[in-house]
Each structure stands twice: as structure tokens, then as C-alpha cells.
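The values are calculated or read from the model by the stated rules, or taken from the named source; none is laboratory data. Treat the numbers as computed from the prediction; the structure is a model and nothing was measured. Cβ atoms come from the backbone with ideal geometry, glycine included; neighbour counts cover every protein chain shown. Calculation scope for accessible area: heavy atoms of the full protein, side chains included, ligands and nucleic acids excluded. Shrake-Rupley method; radii C 1.70, N 1.55, O 1.52, S 1.80 Å.
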Amino acid sequence: MSEIGTEVDLFHPAERVWRALTDRELLARWYAEVEMMAGTRNRLLLRTAGLPGFGAAVDAEVTERQEPELIALRCLEGGRRSRLTCAVTATAEGCRLSVREVLEHGVWADEQRERRAECYRQALTNRLPAILDWLAFQEVDLRRGEAGMTAEMPVTEAFDGEPASAGRRSRPLLVAGLAGAALAAGVAVWAVLPAEPDRAAGPASAPTPSATTTPSGSPRSTASARPTRTATPDATRPSRTPTARPSRTPTSAAPSEPAVTARYETVSPPSRIFGYTGEVVVDNSGGAAAKDWTVVVTLAEGGRVSDASGADWRQDGQAVTFTGPPVKAGQSRTFTFEVRDSDPATKAPEGCVVGDDPCAGL
């Protein structure tokens, strides 16, 4: 028996996620178009043909439904039969959505299975959060003069075409104040200032006694000073020869050590309301490969990384540590990460360092 599974933590209530799972128009925006089968209540057709890992449309039947916690479907696609389960579990920050598909009859080729799993992962970690953010924005009641902003969850039509129970009242959702309509990304520029030139680098030739205006016949006369300068030309020239040049040459010309720096940028679209996508470019301007590099990103309180591409990562509280393969001399490596945050004003982490040096752009 073969199976595919993925899950994602969402900063949205379970009711909103359930709506995105069961509303046909919303489902088409983040996953696939849906058609209800004529003459049936629980049969539907998922237009998945052309999606990565799918070879045809999926004939699905809803076999279990527990609003807003669970929906299960028996799927038939190109001679293969599988069971698809979507489970929604409430968390302190919102909810966790788990999607699991178990193949009951037929086989998936290895490449097809991997592409199918990637299709689920992209849908859950990228497109679904964007739709949920859009829904949250649509539901906000922007009435002024009241203590806060509230949103009423509308009653939606489910797969079976019947309206939700009228006895089930939609719960008011208290939304944190949307502060900061315009977000400015601060850019920190590192400039290496040249050192002050040594004003005393040249020889300080003090005026000789002959140059002074003392016409007296004392031993400081100009006649006694001139023979001194002309009589010892060979003694003065050696002192002016570049004896220090050998010390300036790179006597120990060893390969330069890796010089690793990093640059941060928020690359998510401005229309995204909750969370953001961060990008870090690790540069190695040294003469040797940077075999071990570590970038630590400090998120705002309550932020969580849901996915990353181009680097391995682990999160401990607000600190997220990223590591990756060696960066060759003179080259760079880019990685991105998805951050989920319930505060719409948060569009960048609080800090970013590579080794002990801060990242540029933050």
C-alpha cells in the first residue's frame, strides 16, 4: 500500500479553512475546479488532469464529513482507486491541516508519486494560505467608531449543494488591528571606509642651519653646511632606497579564507496579508569554498516558518537556523522561506546574521 501525506500550520480558524476546502469556487482557486455529478448528492469530479502527478480527472465520492474537522473522499483516477482524507485540527495560533491519500488499488510510478506529493505541498503551503488571507480581508468589518474590527463568517454552500444548517451560527472572529497601511522595508548599507592617510609618511626634512637668516660667523654658517650635504651623497641615498619594500611583499601568500556575507529581502507580493516570503543570498567573496555557513533569522514573536527551499532549517522559539551545502569561492547561494504570522503588519524578521555578522537589507 502506497500513500502520500503532507500537513501545514495555518494562522486561520478551522471554520475558514473548512470553507476553503468545501466551497467549489474557492477550491478552484487553490487546487482544482470541481463539478457536481448530475443526479447525485455526494459525487463530484475534480478537474486534476494536467496537474503534476495526475494523469486524468478524479471521480470522487464524499464518504465522511464532520464539519469543520474532517472530510474523506473515495477517489477513482485512471484505473487507480485511493482514499483522500483532509483533517483540520485547532491549534493555539489557528489550525493544522493534514492531507493524506492512500492508494487502495493500482500503482503510482516513483516519479508520479513524487510529483503528486509536490503538487499537494505547493497547494497547501503557497496557494491555500494566499486564499485564506484574501478571505480574512474580505470578512473584515471596517466599521469606525467602535472598539475593534469584527468579521462575521458567512454561511456557504458545501459540496452537496445544501446550505449549511441555519441553527449553526457563524462565530464572530476578532481580527487584530490592521496597522500600518504602508510598510517600509528598512535597508542597512555597510560601507567600508578607507583608513586615514598617514600625514607623517614623508621624510620630515628640517631646515638646515644654512637656511636660517643668521649671517653671523658662528659655526652655523652656510659655508660649513654646504660641504656636509655634498660630501655625503652616498650616505644619504641608502637611507632613501626602498629597504621596506621586501616587508610589503606577501611573504606568506596563502589562499584567502572564505569571506561569507548575506543579504535579506522580503519577496512576497504586497497583496499578501498574513505572513511573508523571505529570501537570503549567501555570498562568498573569499578565495576558498565556504564549507560551513549558518544563517540565523530571528522572527517576530508568534511567527513560524512553514516551509523553506534551498537550505535545511530548524526553528527554536523565534530563532530559525538555516544551513546548506558549500558555497564555492566567488559564488553565492539563495534560499527562501515561508513565514506565517497572524500580525498583518509583520512583513520581515526582526534580525538576520551569518556567523557573527548582520545580514544586509534588514
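The set of residues from the stretch 91-112 being surrounded by 13 or more Cβ atoms within 10 Å (Cβ to Cβ) and within 27 Å of the chain's Cα centre (by Cα) comprises E93, G94, C95, R96, L97, S98, V99, R100. Tell me, which residue of the stretch 275-293 that is open to solvent by 20 Å² or more (accessible area, probe 1.4 Å) and in a loop (DSSP other than H, G, I, E, B) is nearest to K328 (Cα to Cα)? Per the criteria, the residue is A289. If the condition is being within 30 Å of the chain's Cα centre (by Cα), at negative phi and touching a residue at least 60 places away in the same chain (Cβ under 8 Å), then the stretch 24-53 contributes L26, R29, W30, Y31, L51, P52. On the stretch given as the stretch 1-17, residues that are in contact with a strand residue (DSSP E or B) (Cβ under 6 Å, 6 or more places away or on another chain) and not in a loop (DSSP other than H, G, I, E, B) total 11. Considering (1) among the acidic types (D, E); (2) in contact with a Lys or Arg (Cβ under 9 Å, 6 or more places away or on another chain); (3) more than 22 Å from D9 (Cα to Cα); (4) buried (at least 18 other Cβ atoms within 10 Å of the Cβ), the lone condition that E77 does not fulfil carries the number (2). Selection of the stretch 295-313 for residues being modelled with pLDDT of 95 or more and of a type outside the set (A, V, I, L, M, F, W, C) yields only T298. All of (1) touching a Cys at 6+ places or on another chain (Cβ under 7 Å); (2) under 30 Å from D343 (Cα atoms) hold for P52 with one exception: (2).
Taking the condition at pLDDT 90 or above, assigned to a helix (DSSP H, G or I) and farther than 23 Å from G302 by Cα, does A117 pass? Considered against the rule, which asks whether it is at pLDDT 90 or above, assigned to a helix (DSSP H, G or I) and farther than 23 Å from G302 by Cα, A117 comes out as yes.
When the stretch 44-61 is filtered for residues that are assigned to a strand (DSSP E or B) and buried (at least 18 other Cβ atoms within 10 Å of the Cβ), the ones remaining, listed by number, are L44, L46, V58, A60.
For G303, the requirement of being out of contact with any helix residue (DSSP H, G or I) (no Cβ under 9 Å at 6 or more places or on another chain) and surrounded by fewer than 20 Cβ atoms within 10 Å (Cβ to Cβ) is not met.
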